[in-house]
Amino acid sequence: MNANKIITLKDVTGNTFSPEYVTGVNPLPGTDQYANISENKKQILTYSFKNGKQTGVMFDVNNTQGEKIKDFDGYILSPDSKYLLIQTDTRKIYRRSFTAVYYIYNVATRKLEKLSDGGPQQIPTWSPDGQQIAFVRDNNIFLVKLLYGNAESQITKDGKFNEIINGVPDWVNEEEFSTNKSLCFTADSKMLCWVKYDESRVKQYPLELYKGEAPSLDRNSVYPSIYSYKYPKAGEDNSIVSVWSYNISSHKTNKLQVPLNPDGYIPRIKPTTEAEKIIVFTMNRHQDELNLYSVNPRTTTSQLLIKEKTDKYVKEEAMEDIIIGKNSIIFPSDRDGYMHLYQYSMNGSLLRKIGNGNYDITSVYGFDESSGDVYYQAAALNPHDRQIYVSKKNGKIERLTDAAGYNSAIFSGDYKYFLNTWGNYNTPYVFTIRNNDGRIISTPVTNSGLKEKIKEYGFTPREEFSFTTSEGVKLDGWMVKPANFDKSKKYPVIMFQYSGPGSQQVLNSWSAGSMGNGGAFDQYLAQQGFIIVCVDGRGTGGRGSDFEKCTYLKIGELESKDQVETALWLGKQEYVDKNKIGIWGWSFGGFNTLMSMSEGTPVFAAGVAVAPPTNWHFYDTIYTERYMRTPKENAQGYATNPIERANNLHGALLICHGLADDNVHPQNTIEYSEALVQVDKDFKENFYTNRNHGISGGNTRTHLLRQITNWFTEHLK
């Protein structure tokens, strides 16, 4: 008899299986100290990396002069560590953007005063000398000078909602280039530089908002309201971008002369340590060319430093990991077939390559210019493993972590120590402090309590497996079997996948699994008698650029084939009921669920698509065109979609979508459901009031997971 505790959906969506974390570690530049917000959000404390002990109190809401606040959400340290910007009353806009009310805090005098009385702010940014703060309000840039009694001046005046944005990206640049800031000071603190987005030609998408609950929007209690914002869909007009500088003493504004096609992108603007130089990243619309320009904000002239050209696309993650140092630039590139690092001088000459072999460098953690050491994470042991490495100036590479699984790191400001997070498929996170040769100094968090808890609840191990498809492609996966598994029985199977370009679900990490927290939802389904399977098909990451980019211009075709091949392989296993295989996924995983169920091979008895794109015409320019080019250039690729395949749908289908999804619009599900109606296909759909792409809030997530569970129970049992 199984004496394990029963997992409930409230356990899955609540904190029952939440691991303990070391969170909010903010290394203090050039030191072995880090700052952290206290659990009650009332203090900022400093700690030693070396021994993990508290070394001081940087800020305390109960010990300030001047303004008083009850608690806070975050902070930004000035470059000289003499001041803090304290973040309160945070209001989310999109995935990365938010407004907040900030306060300036003087560490020495404990004086707390409002940054501005004119309303909430976005992206407050310190000048290098710590004496000025630039921020954005209502699409315009403002400047506050500490030496002049926090005098506030307005730098731009043309900002207007849904027309002109200064200093912060529009929706699509924020979402697809992973940034919420397009503004920087020069090294001498005398000039301010920013990207301007003219989105006046971009078409709007309207989202209808209702009263709803948790939270309740009372203004919509009788009539709904419309939130309409600029969202460029594939092939449509983007914002026109330009770069500007402002001379703080002369008040002169100049447009910088950066070479760019009218439909090009400026994904980043970065400061350097030279007053006459900022770095501007540009990309063409196809995103197969990334340029780094050195731009002089005074003369407005630019010089090309690095040009990255590829025959398919430059990965967005590579851009995110670029480090602009004092004397050199660390530049990730998959130009040799795998993501490696290239060190360039500040005048653009290549100095060395870092990483050499058939593996991807997956994260860059830091560059210690005093020693020449570069710290990074790589999938060097195998595509599903992550270790931490250092590449020395002489080219010697050392591995700093020892346990197989998933390792990540945060290095101290002086690069003498790092916080290592490690876990694997079956082990919750263990946090260790190590010195920079990898030796463990302390273990602040072991999650031993959670390890005991998952035993009590009977979590079964994730088992790895591989197989080769009929097309000769080796695919890797993991499997969760019910407790008391009996291989003489035939079990129903639920396949979970995401399948998006460069993603990985088959990763030897505690975060693997459909809904995080050690795959608690997978374990819940296993307790209901299902086998849960996940396979990363072609197009996913960790296996080099050929495997990842082979889906170029035909998104969905190979990804769905590989899920069908997985179901066919599973059907041949003696313990699987081949007539009771289901598939589900969220976002791209929802798209690929629909593609797989309508691929033409009737292997899936049931499926659930959550927030699925159903036609790439409906999705945004930057993401879609990166992999598909425009609809005009690639009509055949765009025609390969769930709507066009509606007549081929096989299996019982449930679709779920949030009605306020600003990312994958409800339009996708609405148009797809109409296509199914017209070809006379039965299906069920659930809409979630006022919910965005994450479909959460109040009881929403629990309800959603119960619908998924009930659907598979009804159709696979």
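Where a number appears in this text, it was derived from the coordinates with a stated rule and is not lab data. Quantities reported herein were computed from a predicted structural model and do not represent experimental measurements. Glycine gets a Cβ as well: all are built from the backbone with ideal geometry, and neighbour counts include every protein chain shown.
Take peptides 253-261, 519-527 and line them up by average Cβ neighbours within 10 Å, highest first, as a rough protection proxy.
Numbers: 253-261: 15.4, 519-527: 24.6.
Top of the packing list down: 519-527, 253-261.
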Open item on the list: Assuming 0.36 nm per residue, please report the length gained on full extension of the stretch T273 to E236 beyond their Cα-Cα distance.
Closed with: 9.5 nm
Task: Global geometry of segment 427-566, whether rounded, prolate or oblate, following the gyration tensor of its Cα atoms and the 1.5 cut on a/c - done: oblate
Task: Amide H partners (placed H, <5 Å) of T55, local residues excluded - done: T46, Y47, S48
- [ ] Based on other C-beta atoms within 10 Å, arrange I248, I104 from fewest to most.
- [x] I248, I104
Task: Within segment 104-168, trypsin sites (Lys or Arg not before Pro) in DSSP loop having at most 10 other beta-carbon neighbours inside 10 Å - done: K157
Task: Phi to ³J(HN,Hα) by Karplus 6.51 cos²θ - 1.76 cosθ + 1.60 over segment 481-496, Hz, x for Gly, Pro - done: 9, x, 4, 6, 4, 10, 5, 7, 8, 10, 9, x, 10, 10, 8, 10
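DSSP loop (so not H, G, I, E, B), at most 10 other Cβ within 10 Å: list which chymotrypsin sites (Phe, Trp or Tyr not before Pro) in segment 399-489 pass both filters.
Here no loop site has a sparse enough neighbourhood.
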Task: Too-long pairs where the Cα-Cα distance tops 30 Å, listed order kept, from K5/K580; K10/K211; K10/K554 - done: K10/K554
TODO: Read phi for every residue in segment 87-104 and hand back ³J(HN,Hα) as whole Hz from Karplus 6.51 cos²θ - 1.76 cosθ + 1.60, θ = phi - 60°, with x for Gly and Pro.
DONE: 9, 9, 6, 6, 10, 5, 9, 10, 4, 10, 9, 7, 10, 7, 9, 9, 10, 8
Task: Cut-off 17 Å, label 7 Å out along Cα→Cβ of E633, residues of segment 312-334 by amide N - done: 312-316
Task: Placed amide H near T427: partners under 5 Å, 5+ positions off or other chain - done: none
Task: Hz values of 3J(HN,Hα) by residue in segment 174-190 - Karplus curve (6.51, -1.76, 1.60), Gly and Pro given as x - done: 4, 5, 9, 10, 6, 8, 10, 9, 9, 7, 7, 8, 7, 4, 8, 6, 9
Open item on the list: Can you give the FRET efficiency to the nearest 0.05 for K416 and V222, using r as the Cβ-Cβ distance and R₀ = 56 Å?
Closed with: 0.35
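Considering only the other residues whose Cβ falls under 12 Å of the Cβ of S250, what net charge follows from Lys and Arg at +1 and Asp and Glu at -1? Don't jump to the answer; show the numbers that get you there.
Numbers: positive: K190, K252, R298; negative: none.
Taking every Cβ under 12 Å from that of S250, the sum is +3.
For each pair in K392/K416; K489/K561; K145/K255; K160/K315; K474/K561, compute the distance between the two Cα atoms and list the pairs where it is over 21 Å. Numbers along the way, then the final one.
Details: K392/K416 14 Å; K489/K561 28 Å; K145/K255 24 Å; K160/K315 32 Å; K474/K561 13 Å.
Those over the limit are K489/K561; K145/K255; K160/K315.
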Task: Shape call, segment 53-130: gyration tensor on alpha carbons, a/c limit 1.5 - done: prolate
Open item on the list: Using Cβ contacts closer than 10 Å as the measure, can you line up I329, I410 from fewest to most?
Closed with: I410, I329
TODO: Please get the size of the charge dipole for the chain, origin at its Cα centre, with Cβ charges of +1 on Lys and Arg and -1 on Asp and Glu, quoted in debye to the nearest 20.
DONE: 1080 debye
TODO: Taking H placed 1.01 Å from N in the peptide plane, check which residues at least 5 places from V576 or on another chain put their amide H under 5 Å from its amide H.
DONE: Y491
Task: Sparse-neighbourhood loop sites, GluC sites (Glu not before Pro) in segment 554-659 - DSSP loop, at most 14 other Cβ within 10 angstrom - done: E574, E633, E644
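Neighbouring Cβ atoms within 10 Å as the yardstick, rank S391, S178, S370 fewest first. Mind dumping the intermediate values first?
On the way: S391 24, S178 16, S370 9.
Least crowded to most crowded, the residues run S370, S178, S391.
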Open item on the list: Placing unit charges on C-beta atoms (Lys and Arg positive, Asp and Glu negative, everything else neutral), compute the dipole magnitude of segment 459-716 about its Cα centre in debye, rounded to 20.
Closed with: 460 debye
Open item on the list: So, R0 is 51 Å and r is the distance between the beta-carbons of K5 and D263; what FRET efficiency does that work out to, to 0.05?
Closed with: 0.35
Task: Among Y205, Q132, L305 the positive-end extreme of the charge dipole of the chain (Cβ point charges) - done: Q132
